[in-house]
Structures are given as C-alpha cells and as structure tokens.
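The values are calculated or read from the model by the stated rules, or taken from the named source; none is laboratory data. Since the structure is predicted, the reported quantities are computational estimates derived from the model, not experimental observations. Glycine also receives a Cβ, built like all others from the backbone with ideal geometry; neighbour counts cover every protein chain displayed. All accessible areas refer to the heavy atoms of the entire protein, side chains included, with ligands and DNA or RNA removed. Shrake-Rupley method; radii C 1.70, N 1.55, O 1.52, S 1.80 Å.
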Amino acid sequence: MSDMSDLPEEKAFVQRRVLRDSEKDPPQVQQDIESQLKSHDFDKDAMWAIRLALEEGIANAFTHGNKRDPKKSVEFYCRIDNTHAVFEVCDEGAGFDPGTVPDPTDEENIEIPSGRGIMLMRAYMDEVSYLTPGNRLRMVYRKK
Amino acid sequence: MGSVASRLNVRVQNGVTRIEFVDRNILDETNIQQIGEEISRLIEGQVNPKLLICFKGVEHLSSAALGTLITINNRVKAKDGQLRLSDIDPQIYEVFVITKLNKLFHIHETADKALATFT
C-alpha cells in the first residue's frame with residue numbers, strides 16, 4: 001500500500017491468506033492479528049475495535065458475498081505497522097453497493113434483524129470502503 | 001451424532017426466565033443460530049413470556065447476535081411478554097448505542113435491577 005510506506009518494511013507485519021472454513025478460520029485470523037497488534041503497541045480499545053470490524057467483514061464475505069457456498073473462499077490481506085492497520089477482505093461474490101443497505105437506525109428499520117455489520121465497521125474503523133465491483137472490503141485503523 | 005450441548009444457562013426466578021450465556025464470545029453464526037432456537041423454544045412454552053437475558057461474562061457480540069436479539073424481542077412482543085437485558089459490558093453497550101438498539105431494548109445495569117422492573 002503506497003500510502004503506508006513511510007515506515008521501514010521490516011517493521012510491518014504483512015499477511016495474505018485464503019480463508020475456506022467460515023467457522024474455524026476467522027478465530028485463527030483474530031488470534032494472529034491480536035498478537036501482531038499487541039507487538040505493534042495498539043491499545044485495548046484498538047484491538048477491540050479491529051476485532052469487531054474483522055468479525056463483521058469476514059462474516060459478511062462468507063455469508064452475503066459467497067452465500068455460504070463451501071466451494072468458495074475469502075481472500076484476506078493485512079498490513080500492520082506502528083501507526084496503521086490495514087485490512088482487505090475479498091469474497092467471490094458479484095459485489096454490492098453499500099449505499100443500497102437501508103439505515104438500520106431508522107425507526108422503520110429498527111426491528112429488522114439485519115444490516116448492522118457495515119454500520120459497526122464504519123463506527124469503529126477510520127476508513128471503510130468497498131472496492132469496485134464491491135466484493136473487496138478495505139478497512140483502515142489509525143493508531144490514536 | 002450426540003445431542004448438541006446447550007449454549008445457555010437457564011433458570012426460572014419469580015416467574016421470570018433468566019438466561020445466561022455459556023460462551024464469552026457470541027460471534028459464531030452456528031452458535032448464534034442455536035442460541036436463537038433455544039430461546040425461541042423457551043418463549044413458545046410460555047403464555048406471556050418474561051425473559052431476562054443477562055450478559056455477564058460476555059466479551060464480544062457480533063451484529064448477527066444483535067439480529068437474533070431483535071428476533072427474540074419481536075417474538076416476546078408478539079406473545080405480549082416482557083424482555084429485559086442486563087449486565088452488558090460497557091464496550092458492548094456502546095454497540096447498542098451506535099445501532100440505537102439501546103432505545104429498542106430495556107437494558108439494566110444488573111440482573112437484580114432488571115428483575116425489579118417486570119410487572
């Protein structure tokens with residue numbers, strides 16, 4: 001990521017992996033990320049926020065992107081340095097426009113059980129975007 | 001296949017069904033589905049269900065779990081029942097505030113305070 005290249009590469013943790021099991025792989029990712037965040041001095045609030053955002057992003061990729069098709073996988077990328085944590089989660093779906101997701105906090109939607117994942121990712125991360133065609137989620141957390 | 005272990009600890013206290021979670025993290029979709037089904041069965045077995053869901057010990061909660069809570073709330077309302085939540089960790093409570101679900105649910109600091117509000 002060109003915007004993150006201000007620190008020496010050897011200080012950054014970079015990982016690409018393919019997630020195939022929607023139940024067993026996410027906890028493993030979380031464990032690895034937590035340990036890297038700790039070693040890059042991210043605080044507890046940061047770890048909590050990132051854990052929640054990753055949980056939502058990866059679950060969305062398996063559930064809505066891949067529609068729980070066990071033959072489909074999710075690509076995961078992360079780069080953690082002393083100031084930023086960047087994550088990308090890419091599914092095998094056709095992509096979607098996050099602007100079409102109704103606001104779950106509107107009174108008429110408050111009792112609808114879905115649609116809160118993206119909202120939470122946006123609340124806890126500094127940047128959240130879906131790269132064209134909308135099946136690659138990119139999230140950035142800046143150390144406070 | 002053996003029977004699936006319950007993800008809940010349930011006891012009835014003064015006519016109120018008090019529910020606690022076995023898991024510290026309520027994230028996994030299969031577990032959430034099981035939790036939803038178990039609580040739905042408890043609701044179905046009562047005329048005007050009175051439910052207290054206590055989050056003591058719960059550290060992480062996903063939006064899928066929030067969705068299940070909304071479904072539970074809808075089912076309790078449909079049976080003219082009452083649902084209270086209690087002992088929510090401050091960081092998780094923030095999730096309720098962000099999603100404005102703190103306005104939908106009756107949330108109390110402790111189980112005792114919640115129990116006192118059932119009519």
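Considering the conditions (1) touching a Gly at 6+ places or on another chain (Cβ under 6 Å); (2) of a type outside the set (Lys, Arg); (3) open to solvent by 60 Å² or more (accessible area, probe 1.4 Å), A:Glu75 is excluded by exactly one of them, (1). Candidates are the residues of the range B:93-119 that are touching an Asp or Glu at 6+ places or on another chain (Cβ under 8 Å) and more than 16 Å from A:Ile112 (Cα to Cα); the one that is least open to solvent (accessible area, probe 1.4 Å) is B:Ala111. Cβ separations smaller than 6 Å between residues 6+ apart or across chains give the following pairs from the range B:30-53 residues that are within 17 Å of B:Gly81 (Cα to Cα) to residues that are open to solvent by 20 Å² or more (accessible area, probe 1.4 Å) and among the β-branched types (Val, Ile, Thr): B:Gly36/B:Thr68.
Of the numbered criteria (1) among the polar types (S, T, N, Q); (2) away from chain B (no Cβ under 14 Å); (3) touching an Asp or Glu at 6+ places or on another chain (Cβ under 7 Å), the one A:Thr100 fails is (3). When the strands (runs of 3 or more DSSP E) confined to the range B:1-88 are screened for residues that are open to solvent by less than 50 Å² (accessible area, probe 1.4 Å) and over 30 Å from A:Lys24 (Cα atoms), those reaching at least 2 such residues are found at B:16-21, B:50-54, B:82-86. Of all residues in the range A:18-69, those being under 28 Å from A:Ser114 (Cα atoms), open to solvent by 10 Å² or more (accessible area, probe 1.4 Å) and not aliphatic (A, V, I, L, M) number 25.
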